[in-house]
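One structure is given here, and the rest of the page talks about it.
The values are calculated or read from the model by the stated rules, or taken from the named source; none is laboratory data. Note that the structure is predicted; figures quoted are calculated from it, not measured. Methodologically, a virtual Cβ is constructed for each residue, glycine included, from the backbone with ideal geometry; neighbour enumeration extends over all protein chains shown. These area figures cover heavy atoms from the full protein model, side chains too; ligands, DNA and RNA do not enter into them. Shrake-Rupley method; radii C 1.70, N 1.55, O 1.52, S 1.80 Å.
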Amino acid sequence: MRNGGFETGTLAPWTFYGGAATDGAAAHDGGWAVRVGPARAAAEQVVTVRPGTTYTLAGWGRVSAAGTELSLGAKQYDTAGSTTRAAFTATAYARGSTDFTTGPAATSVRIYCYARSGSGYGWCDDVTLTAH
């Protein structure tokens, strides 16, 4: 992952849609996190991976209000377009992780931080991707 802690103070190389921005007041660790929301907003990054390899995606997430759900996930890592995610619904930071195995021809995966539902914001920070 590049800029998984958002410590550059910018979203690059993450792309975004909806409302997404770096936030210097709500980091889990360091000086910055990414804030997405309200719902239907995301920051995404395409990461190079090895075919047929198991990875763990991990990071910290929280939401601003009850009823809001945030996802940290991986998608499009095989020919079926599979998706896996860790969900966050608490207002205090918690660590989440999810495992996935890339397809036999996979060379990339799309990592995302996504405000799925609710009227509040979500924050992701310290996102890592580890091969096993």
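Here are some notes:
- Residue in segment 104-111 that is without any contact (Cβ under 8 Å) to a residue 60 or more places away in the chain and either touching a Phe, Trp or Tyr at 6+ places or on another chain (Cβ under 6 Å) or among the polar types (S, T, N, Q) (or both) present: yes
- Here ALA65 meets each of (1) modelled with pLDDT of 95 or more; (2) more than 11 Å from the chain's Cα centre (by Cα); (3) farther than 17 Å from LEU129 by Cα with one exception, condition (1).
- ALA86 satisfies every condition listed in (1) of a type in the set (Gly, Ala, Ser); (2) open to solvent by 40 Å² or more (accessible area, probe 1.4 Å); (3) within 23 Å of ASP29 (Cα to Cα); (4) in contact with a Lys or Arg (Cβ under 9 Å, 6 or more places away or on another chain) except (2).
- Flag for SER64 being surrounded by fewer than 21 Cβ atoms within 10 Å (Cβ to Cβ) and without any contact (Cβ under 8 Å) to a residue 40 or more places away in the chain: no
- Sole exception among (1) outside any loop (DSSP other than H, G, I, E, B); (2) in contact with a Gly (Cβ under 9 Å, 6 or more places away or on another chain); (3) crowded, with 19+ Cβ neighbours inside 10 Å for VAL109, by number: (2)
- Residue within segment 30-49 that is outside any strand (DSSP E or B), under 13 Å from LEU129 (Cα atoms) and open to solvent by less than 50 Å² (accessible area, probe 1.4 Å) present: yes
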